[in-house]
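The values are calculated or read from the model by the stated rules, or taken from the named source; none is laboratory data. Keep in mind that this is a model prediction, so the values were computed, not measured. Here Cβ is always computed from backbone atoms with ideal geometry, including for glycine, and neighbour counts include all displayed protein chains. The area values use the complete protein model at the heavy-atom level, side chains included, leaving out ligands, DNA and RNA. Shrake-Rupley method; radii C 1.70, N 1.55, O 1.52, S 1.80 Å.
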Amino acid sequence: METAELLKQNLAIEPDLQNFIGFVLESVTRLGGNSFAASIASLDLMQKLRNAGAATGFPLPACLLLQGHQLRVQWGEHAEHLKITNLSQPPKQDTVAQLRLHLQNSTASADPAILLQRNAEMARHLDETRARTEKELEALQQTLEKRQTELHESLRQAETDPLTGLLNRRAFDEKLGQAFRHTMRQRTAPLSLVLFDLDHFKQINDEFGHQFGDAYLNKMAHAMRSAIRVDVDFAFRFGGDEFAVVIFADHPQACDKATQVLRLMENKVSIGISTINPGTPDGLTVEEFIHHADNALYEAKNSGRGRVVVDLCALPDSGNCQFPCPKK
């Protein structure tokens, strides 16, 4: 069934809305429809149009349509519609054409005062929309920043040892893996892994109690933090009395930092170090890198504890690849 558009108008201000309703009722009369029924329908139409944003400065588009016997109004982006009346018979084409021309001429001859009011109202609506959008964007940005902060805090807690505040084993696996792969790929700087084991910690716990033991673990964490570059290197507690640091430096600097920790802990820590540098063979894995540090730690324990041993077996031409760090 063919649909004819008789009138299309933006209902930005109150005069636009009133005129549109007037045009609708006039069209019913010209097409021989039931004016009483159309008047009742127009009251419902006016309320619906107001609810959709008419006469608020928003240029709400509304169309008066003739489809067969039915006269209806359609408006908004979602094509909401309302039947105004059913005609007793379809109007003649020339009657429809004359009505369309009359309505077009009526809407074109607008009062200048109404034009000024419409422009002012639409400008106000745009300003209010812009201000509201800016507030909504600001609120969204604040919500996003809050969610990001919460996420970062959640991630930080997930990779932090609750007692000492050091990174935990989960973070160790991730950050060591990243540092190892970067070093092996770039071949521009060395990387050292330092493993720590507190000497006779179980005896300390049993003799002085867990509260003293916790304080002793925090003392170790403080010693590690004081020895490394906080924004560059990483310090970890695996659990129990096992600790580690990842240092972006060669073994002489790693020895210096490990020796500093040993001194702060009154020589009651066993320490093992492994290092890779640009000359390390390509086939070395991160598991082997950790294993070399473990071997050095075992040697430090086996040779009397309270000392630092370096394992350079991963490096080419290392000769006697395990040796103690020089004392200072």
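So here's what we get for this one:
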{"quantity": "Options Gln9, Gln47; residue that is of a type in the set (S, T, N, Q) and surrounded by fewer than 19 Cβ atoms within 10 Å (Cβ to Cβ)", "calculated": "Gln47"}
{"quantity": "Filter result for the condition that a residue is surrounded by fewer than 19 Cβ atoms within 10 Å (Cβ to Cβ), part of a helix (DSSP H, G or I) and modelled with pLDDT under 95, over Lys202, Lys219", "calculated": "Lys202"}
{"quantity": "Condition met for Phe234 (at pLDDT below 95 and open to solvent by 50 Å² or more (accessible area, probe 1.4 Å))", "calculated": "no"}
{"quantity": "Qualifying residue in the stretch 182-195 (condition: of a type in the set (A, V, I, L, M, F, W, C) and either without any contact (Cβ under 8 Å) to a residue 40 or more places away in the chain or farther than 17 Å from Val232 by Cβ (or both))", "calculated": "yes"}
{"quantity": "Residue list for the stretch 273-291, restricted to those being open to solvent by 30 Å² or more (accessible area, probe 1.4 Å), in contact (Cβ under 8 Å) with a residue 24 or more places away in the chain and of a type outside the set (A, V, I, L, M)", "calculated": "Asn277, Pro278, Gly279, Pro281, Asp282, Glu288"}
{"quantity": "Strands (runs of 3 or more DSSP E) within the stretch 224-328 that include 1 or more residues acidic (Asp, Glu)", "calculated": "242-247, 308-311"}
{"quantity": "Residues (open to solvent by less than 40 Å² (accessible area, probe 1.4 Å) and closer than 16 Å to Val232 by Cα) located in the stretch 155-181", "calculated": "Leu166, Leu167, Ala171, Phe172, Leu176, Gly177, Ala179, Phe180"}
{"quantity": "Residues (small (Gly, Ala, Ser) and within 48 Å of the chain's Cα centre (by Cα)) located in the stretch 11-27", "calculated": "Ala12"}
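Quick grid of which residues meet (1) in a helix (DSSP H, G or I); (2) aromatic (Phe, Trp, Tyr); (3) more than 25 Å from the chain's Cα centre (by Cα):
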{"residue": "Ala139", "(1), (2), (3)": "yes, no, no"}
{"residue": "Thr143", "(1), (2), (3)": "yes, no, no"}
{"residue": "Arg147", "(1), (2), (3)": "yes, no, no"}
{"residue": "Pro162", "(1), (2), (3)": "no, no, yes"}
{"residue": "Gly165", "(1), (2), (3)": "no, no, yes"}
{"residue": "Phe180", "(1), (2), (3)": "yes, yes, yes"}
{"residue": "Thr183", "(1), (2), (3)": "yes, no, yes"}
{"residue": "Gln211", "(1), (2), (3)": "yes, no, yes"}
{"residue": "Ala215", "(1), (2), (3)": "yes, no, yes"}
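For (1) among the aliphatic types (A, V, I, L, M); (2) farther than 15 Å from Leu7 by Cα; (3) modelled with pLDDT under 90, each residue gets a yes or a no:
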site	(1), (2), (3)
Pro61	no, no, no
Leu64	yes, no, no
Ser106	no, no, yes
Leu115	yes, yes, yes
Ala120	yes, yes, yes
